[in-house]
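A short worksheet on the structure shown next.
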Amino acid sequence: VTTRKAIDEFPVESDFEVKCEDFVVLVKSGSDDIIVKNLYVSIDPYQINRMKSFSSTHKTSDFATPIIPSQPIDALGVGEVLASGNPEFKEGDIVIGITHWAEYSVVKAHTNLLRKLETLGFPLTHHLGILGFSGLTAYAGLFEVAKIKEGETVFVSAASGSVGSLVGQFAKLHGCYVVGCAGSDQKVTLLKEKFGFDNAFNYKQEKDLTATLEKYFPDGIDVYFDNVGGEMLEAAIANMKPFGRVAVCGVISEYTNSKKAVPNMIDLVYKRIKVEGFLAGDFLDMFPNFVSKVSQYLHSGKIEPLEDISVGVENIPSAFIGLFKGDNIGKKIVKFAE
Ligand code: NDP
């Protein structure tokens, strides 16, 4: 899958091209080249920011290197090694790392952060979601950035998404009062009935988000885990308690909308609110502890994964675009083959 051009507006399927190309690769022993048959790839909102035109007004960070139109799109994936020039990997190994939105990838073990995947007895897909970056993002954001404490009030947006559904579950396990918002009644029911949120609401049905949050948090919000930015951030800030903390994980409402909402800054001042953006990649040293803890939660049934899997490379564009329309429920993954 490639992009045809830079995508600065809301993405549509014609922005993408699914191409079939023959390639011949000679894998020399000691070359570090590895051919991977991709089994699953991760579909993530941040990719849209890499697809924009990178004029002087839009600078990207090292983290979000541009995706060049017509070039393969790199993404986190799980695959099987078909051939390897690196002695640490052999044919048949199941690996995780930066592969592509493609059925096959030629990667370099070091550059593409490839590692053999220890499944720990869990499905491969869990390592792209609950036991992977989504899980680490939720965990680090709540415990290291927002520093939640037992009994606090927590609000999370995009709550039925990959990160959001885990934020809510981790916060509940920590003894917090948790309310989430999502974009459909079906998602709201899921949050309350399956994931044990204390409450949830469909933000698309609410006219006055500030008043809505006041209803759910009459004494205010201690921690807002922000996945969406924009108007919801503004409404949350209006409802924060003094010394509340906002962990800014993502601002998806702004990724496809260049009109940026400016939160009410005076509330930040008077209420001495701490707003902190973060990247999960800054917390990789927590990864082993995180995996061990969340594996235990999974084994004991204290936490539930939520995955949304499409099948086939041709469905990658619609799976990706669906993230910005709220089509997905949980971690969006595309599966290529068994
Ligand atoms: P999700 O699984 O949450 O999918 C995206 C969801 O966002 C959609 O299902 C939709 O749900 C919601 N959404 C889409 N457009 C809007 C909008 N305009 N306004 C409000 N909600 C919208 O994705 P992830 O869990 O992977 O990512 C969630 C957020 O976390 C993103 O902002 C992402 O960029 C960020 N992120 C940050 C990381 C970090 O290291 N800081 C790492 C991973 C993700 P709904 O039906 O509720 O509208």
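Quick one: net charge of GLU17's neighbours, Cβ under 13 Å, K/R +1, D/E -1?
So the environment of GLU17 carries a net charge of -1.
Do you know the relative contact order of the chain, to the nearest whole percent, from alpha carbon pairs under 8 angstrom that are 6+ apart?
Values: 697 pairs, mean separation 61.0, N = 338.
The normalised contact order for the chain reaches 18 percent.
Compare the peptides 130-136, 114-120, 251-257, 97-103 by average per-residue count of other Cβ atoms within 10 angstrom and give them in order, highest first.
On the way: 130-136: 25.0, 114-120: 15.1, 251-257: 18.9, 97-103: 22.3.
Highest to lowest by the protection proxy: 130-136, 97-103, 251-257, 114-120.
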Problem set entry | Cα-based shape type of the chain, given that a ≥ b ≥ c are square roots of the gyration tensor eigenvalues and the cut on a/c is 1.5 | prolate
Exercise. Relative contact order, percent, of the range 190-338 when contacts are C-alpha pairs under 8 Å separated by at least 6 residues?
Worked result: 16 percent
Problem set entry | Charge sum, other residues only, whose C-beta stays under 15 Å from ILE266's C-beta, Lys/Arg counted +1 and Asp/Glu -1 | 0
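Would you compute, from DSSP H runs of 4+ residues alone, the mean residue ellipticity of the chain at 222 nm, taking -39500 (n - 2.57) per run and dividing by the full residue count, rounded to the nearest 500? Write out the running numbers ahead of the final one.
On the way: 10 runs with 81 residues, N = 338.
Result for the chain, helices only: -6500 deg cm²/dmol.
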Exercise. In Å and whole numbers, how far do the C-alpha atoms of the range 133-281 stretch along each principal axis, longest first?
Worked result: 37, 32, 32
For this session: Could you calculate the contour length gain from ALA211 to GLU9, that is, 0.36 nm times the residue separation minus the distance between their Cα atoms, to one decimal place in nm?
Result: 69.6 nm
Seminar exercise, completed: Between the modelled labels at ASP327 and GLU144 (7 Å from Cα along Cα→Cβ) the distance in nm is 3.3 nm
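Residue separation times 0.36 nm, minus the C-alpha to C-alpha distance between LEU284 and GLU88: what's the value? Walk me through the intermediate numbers first.
Details: separation 196, 0.36 × 196 = 70.56 nm, distance 2.19 nm.
Fully extending the segment from LEU284 to GLU88 adds 68.4 nm.
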For this session: Work out, step by step, the length gained on full extension between TYR104 and GLU118: first 0.36 nm times the residue separation, then minus their alpha carbon distance; give nm to one decimal.
Result: 2.9 nm
Exercise. Are any of the pairs LYS194/LYS271; LYS147/LYS172; LYS215/LYS259 more than 25 Å apart by Cα-Cα distance, and if so, which?
Worked result: LYS194/LYS271; LYS215/LYS259
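All of the numbers you see were taken from the coordinates with simple rules; none came from a lab. The structure presented is a predicted model; accordingly, all values stated were derived computationally and were not measured. When we count neighbours, we look across all protein chains shown, and the Cβ atoms used for this are built from the backbone with ideal geometry, even at glycine.
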